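Notes for the one structure printed next.
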2 protein chains.
Amino acid sequence: MASTNPTTPPHAATEPPTKYSAPPHEHKVSSFGPIIDVALRVILFATALVAVIVMVTSKQTKLIPVAPGIAIPRDAKFNHSPAFIYFVAALSVACLYSIVTGALSVLALKKPGGSSTKLQLHFVILDALLLGIVAAATGAAGGVAYIGLKGNSHVRWNKICHTYNSFCFHFATSILLSLISSITLLFLVWLSVYVLSKKIARR
Amino acid sequence: MASTNPTTPPHAATEPPTKYSAPPHEHKVSSFGPIIDVALRVILFATALVAVIVMVTSKQTKLIPVAPGIAIPRDAKFNHSPAFIYFVAALSVACLYSIVTGALSVLALKKPGGSSTKLQLHFVILDALLLGIVAAATGAAGGVAYIGLKGNSHVRWNKICHTYNSFCFHFATSILLSLISSITLLFLVWLSVYVLSKKIARR
């Protein structure tokens, strides 16, 4: 037992809090959060970047018969629909955001004191905003892509995925990746809130 | 080392401050947050409920000419598109959620100690989840409704809002209301994080 050790000076436990060094279990908790934070931001960066690239490179040209014996080439491109333009814009913003905040997280990780509460607060505010933007983009692209896949007989919107199969495969991949981005942003919000609540419980 | 202080068990830091009574200035800060919280939940309830009602009551029947002299009645209903079914489901969940959490917030407001950190933590986790769901629903409905409004000449999806004008007016109102719901949920997340960070700064 440490209390029976005569070499320990009696004033050691009453030192001012300025020289306070975190006990091992506290240090573990505070270094645990930022590593997951950085990992989630790397996942966000990767999924958002690949989603944008896959969406932008989805152009497909097919010969569409307009009359017997006559076929004209018609493109299918992502920028034919405003929903997909918004999707690319939102995912690009998420990608840039993940670079900036990922770099700040790595810098905070290197600092001996760990990440500050103020930085974490700014992160969670922006993470929640981005979550809303990316989730809306995923929804918009998903809603339009579903019509492309299944059509809508009630309003006579014909399906296009049986013609433009590679185009639709690109879209499905891209929307799936943006769904992962949204879930990653949700986890980032949850992680920040968890770390903040741990800080309250510890004090 | 944790063993240097034998009177404090290691799990004591995670216990709620049961006998803690807030000084006057702290009480002012802690009663400020829950009132806005309740107000935002009331706004969420109202917008989500009205959005669902407006969407569900959007049915419109028109006589559509199919041949010269022949016209058949055709309905336009929200459940013709999966995006709108998802929209109604998501907004209904948000509406029910706002009732439950609003009631809990009012109960927490009446308690003398104010809302507990644990309750706030659960709220912000669920608020962020709902934010993602409602934002995705708004995006999906918005993306499909935009095609209804403007059409898409590239894939020959004709616009329908010049025919079903009352139907489209219902949709536009409903999507606008769900956008307000999403923004309210974002504010709820921000408010909870702000209150949590205030608690850290105070201790």
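Values quoted throughout were computed directly from the atomic coordinates according to the rules given, and no laboratory measurement underlies them. Quick caveat: nothing in here was measured; it's all calculated off a predicted structure. Counting neighbours? That spans all protein chains shown, and the Cβs are built from the backbone with ideal geometry, glycine included.
Label-point spacing at A:Ala172 relative to the other copies reads 3.6 nm, in ascending order, each point sitting 7 Å out from Cα along Cα→Cβ. Considering only A:Val189, A:Phe84, A:Asn152, the residue lying farthest towards the positive end of the dipole of the stretch A:54-196 is A:Asn152, judged by Cα position with unit charges set on Cβ. Only alpha carbons enter this Debye calculation for the stretch A:77-203, each as an equal point scatterer, and the log10 of I(q)/I(0) it gives at q = 0.16, 0.17 Å⁻¹ is -0.82, -0.88. In the stretch A:112-157, the alpha-carbon atoms span a convex hull of 69 Å³ per residue. With label points set 7 Å from Cα along Cα→Cβ, the inter-copy distances at A:Phe32 are 3.3 nm, sorted shortest first.
What's the exposure ranking of B:Asp127, A:Asp75, going from fewest to most Cβ atoms within 10 Å? Can you show the working numbers first?
Values: B:Asp127 28, A:Asp75 12.
By the 10 Å Cβ count, ascending, the order reads A:Asp75, B:Asp127.
Across identical copies of the chain, B:Ala201 has label-point separations of 2.4 nm, listed in ascending order, with the point defined 7 angstrom from Cα along Cα→Cβ. Longer than 26 Å from Cα to Cα, which of A:Lys59/B:Lys77; A:Lys111/A:Lys199; A:Lys59/B:Lys62 are they? Say none if no pair is. Correct reply: A:Lys59/B:Lys77; A:Lys59/B:Lys62. Give me the base-10 log of I(q)/I(0) for the stretch B:29-78 at each q in 0.25 Å⁻¹, Debye formula, one uniform scatterer per Cα, rounded to two decimals. Taken in order of the listed q values, log10 I(q)/I(0) reads -0.88. Look at the stretch B:127-133: the mean tally of other chain Cβ atoms within 10 Å of its residues' Cβ atoms is 6.
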